[in-house]
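> Would you mind keeping the following structure in view while I ask a few things?
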Amino acid sequence: MMADRVSVQEKIPCVFRTAVLQRQSSKRFDQAYHIGALNELTTLAQEANVRKSVASEKVDGTCVYVQEFQGRPWLWARHDVKPNKQAERRFKKFQNTHQAWEVGDKDGPEPTFTWSVEKDLKKPPESWVPARGVRRIDGQLRPSQSGHIPGWVPVLKDSRSHCWHLASTDLDKGVALLLQRKQDDCKMLEVAMVRLEELLDQTLELIGTSVNANPYGLGSKKRPVHLLVPHGVLKFATPPPFDHEELSEWFSTPTGQVEGVVWQCDDGQLFKLHRHHLGLTWPVEEPSLTALPVVISVDCGQYEWDVPKTSQFSLFDSLKGQQFDSIRTIQWLEESNGCK
């Protein structure tokens with residue numbers, strides 16, 4: 001059983017109060033405003049005693065969830081139920097109006113938006129389930145501030161849209177390929193094979209060649225690499241500061257070459273800070289995740305199964321016991337493991 005498991009079900013709030021600032025966004029270049037963090041912790045963060053929390057790296061990928069499906073441990077992909085085109089236009093208009101109200105010293109009453117859930121939202125896929133904690137009013141699920149209802153769909157074995165999810169997992173055998181810190185050496189990473197049942201009720205981040213423009217430089221088009229990183233495992237030995245000026249300096253250090261920080265409080269509450277909240281850009285040239293050596297601990301021999309030679313499991317098994325200077329420099333001995 002893995003310790004310190006984290007389950008990210010909804011969008012994590014910023015640890016600082018935020019405001020709409022009239023300057024070019026560092027995240028979206030076609031956006032003339034910037035959602036910036038103020039130098040003041042939110043009331044929720046203070047009440048959760050965030051200064052005594054555990055800080056870990058925010059990894060840039062796509063969120064997945066391990067939960068049972070049809071009585072077996074299974075990998076689920078994030079799927080938000082979104083507004084239809086007509087409702088999306090109305091909601092975008094409201095967002096622009098609300099942002100103008102915030103920038104304009106909040107003159108007049110605050111703009112509001114009312115959802116008609118049955119008419120405004122697209123129909124979710126079969127087997128879709130809402131994320132834990134989604135707000136309900138009169139028994140009906142309600143969209144979050146982003147206008148979406150967060151949720152999950154099981155990854156099906158013949159799914160084209162979840163091709164890279166499947167590369168990191170063997171659903172028949174119930175195992176997954178994880179990138180994590182080595183248990184006996186926090187300065188080294190490890191690629192390991194872990195049973196899905198050990199990851200139940202936990203969320204992870206899928207990273208790799210075909211995810212989010214591959215900020216970590218994993219694999220190549222010919223030999224793609226996709227791995228799961230459990231949320232909360234990349235803890236900082238020394239927690240980052242909370243002062244803005246000190247935080248900006250910290251983000252410029254080798255340790256601070258990360259997309260952001262997530263704080264896990266004693267009561268389970270999570271808070272985050274993204275580089276963009278401070279006007280800093282991402283991705284960076286040398287992410288801290290790529291500065292650590294990595295050892296391959298995948299051993300398919302412990303399971304009695306005929307591993308396909310082109311699967312990532314077989315490829316990593318061929319490198320069993322080998323160490324590399326970085327996850328970027330892993331060299332394959334076999335053929336491509338691409339999506340056909």
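> Return a yes/no flag: does the stretch 112-123 have any residue that is closer than 22 Å to V262 by Cα and buried (at least 18 other Cβ atoms within 10 Å of the Cβ).
Scanning the stretch 112-123, I find no residue that is closer than 22 Å to V262 by Cα and buried (at least 18 other Cβ atoms within 10 Å of the Cβ), so the answer is no.
> Taking the stretch 33-55, which residues are in contact with a Leu (Cβ under 7 Å, 6 or more places away or on another chain) and either open to solvent by 20 Å² or more (accessible area, probe 1.4 Å) or over 20 Å from T281 (Cβ atoms) (or both)?
Residues satisfying the conditions are Y33, V50.
> List the pairs whose first member sits in the stretch 260-275 and is in a helix (DSSP H, G or I), whose second member is open to solvent by less than 40 Å² (accessible area, probe 1.4 Å) and of a type outside the set (F, W, Y), and whose Cβ atoms are under 8 Å apart, counting only residues at least 6 apart or on separate chains?
Here the result reads R275/S26; R275/V258; R275/E259; R275/G260, each pair linking the stretch 260-275 to a residue that is open to solvent by less than 40 Å² (accessible area, probe 1.4 Å) and of a type outside the set (F, W, Y).
> Which residue, of G104, G108, G71, is at positive phi, modelled with pLDDT under 90 and surrounded by fewer than 18 Cβ atoms within 10 Å (Cβ to Cβ)?
G108
> Filter the stretch 7-21 for residues that are modelled with pLDDT of 90 or more and aliphatic (A, V, I, L, M); which is farthest from the chain's Cα centre (by Cα)?
Here the residue is V15.
> Please enumerate the residues belonging to the stretch 152-186 that are of a type in the set (D, E) and over 16 Å from V307 (Cβ atoms).
Correct list: D158, D184, D185.
> A further question follows. Could you please find all residues in the stretch 102-123 being within 24 Å of I137 (Cβ to Cβ), assigned to a helix (DSSP H, G or I) and either hydrophobic (A, V, I, L, M, F, W, C) or in contact with a helix residue (DSSP H, G or I) (Cβ under 7 Å, 6 or more places away or on another chain) (or both)?
Answer for the stretch 102-123, where residues must be within 24 Å of I137 (Cβ to Cβ), assigned to a helix (DSSP H, G or I) and either hydrophobic (A, V, I, L, M, F, W, C) or in contact with a helix residue (DSSP H, G or I) (Cβ under 7 Å, 6 or more places away or on another chain) (or both): V117, D120.
> Follow-up. Assess whether Q302 counts as being under 17 Å from the mean Cα position of the chain (by Cα), of a type in the set (S, T, N, Q) and open to solvent by 20 Å² or more (accessible area, probe 1.4 Å).
It is false that Q302 is under 17 Å from the mean Cα position of the chain (by Cα), of a type in the set (S, T, N, Q) and open to solvent by 20 Å² or more (accessible area, probe 1.4 Å).
> Restricted to the stretch 124-142, and to residues that are over 15 Å from C63 (Cβ atoms) and of a type in the set (K, R), which residue is surrounded by the fewest Cβ atoms within 10 Å (Cβ to Cβ)?
This residue is R136.
> When residues of the stretch 306-319 are filtered for being assigned to a loop (DSSP other than H, G, I, E, B) and of a type in the set (D, E, K, R), how many remain?
2
> Whether any residue in the stretch 222-243 is open to solvent by 10 Å² or more (accessible area, probe 1.4 Å), of a type in the set (D, E) and not in a loop (DSSP other than H, G, I, E, B) is what I want to check.
no
> Looking only at the stretch 143-178, filter to residues that are over 16 Å from the mean Cα position of the chain (by Cα) and small (G, A, S); which one of those is surrounded by the fewest Cβ atoms within 10 Å (Cβ to Cβ)?
S161
> Give the residues of the stretch 320-329 that are in contact (Cβ under 8 Å) with a residue 24 or more places away in the chain, open to solvent by 20 Å² or more (accessible area, probe 1.4 Å) and either within 23 Å of P287 (Cα to Cα) or assigned to a helix (DSSP H, G or I) (or both), sorted by residue number.
If the condition is that a residue be in contact (Cβ under 8 Å) with a residue 24 or more places away in the chain, open to solvent by 20 Å² or more (accessible area, probe 1.4 Å) and either within 23 Å of P287 (Cα to Cα) or assigned to a helix (DSSP H, G or I) (or both), then Q322, Q323, F324, D325, R328 are the ones that fit.
> Let me ask you something else. Is it fair to say V81 is among the aliphatic types (A, V, I, L, M), open to solvent by less than 60 Å² (accessible area, probe 1.4 Å) and in contact (Cβ under 8 Å) with a residue 60 or more places away in the chain?
When the stated conditions are applied, V81 passes them.
> Can you confirm whether R181 is open to solvent by 20 Å² or more (accessible area, probe 1.4 Å), closer than 22 Å to V294 by Cα and within 18 Å of the chain's Cα centre (by Cα)?
Considered against the rule, which asks whether it is open to solvent by 20 Å² or more (accessible area, probe 1.4 Å), closer than 22 Å to V294 by Cα and within 18 Å of the chain's Cα centre (by Cα), R181 comes out as yes.
> Pairs please, first residue from the stretch 279-305 and assigned to a helix (DSSP H, G or I), second anywhere and surrounded by fewer than 16 Cβ atoms within 10 Å (Cβ to Cβ) and modelled with pLDDT of 95 or more, Cβ atoms under 8 Å, 6+ apart in sequence or on different chains.
Final answer for the pair search is S288/P254; S288/T255; A291/P254.
The values are calculated or read from the model by the stated rules, or taken from the named source; none is laboratory data. Here the structure is a predicted model, which means the values were calculated and not measured. Don't worry about glycine lacking a Cβ; one is built from the backbone with ideal geometry, like all the others, and counts go over all protein chains shown. Quick note on the areas: whole protein, heavy atoms, side chains included, nothing else; ligands and nucleic acids left out. Shrake-Rupley method; radii C 1.70, N 1.55, O 1.52, S 1.80 Å.
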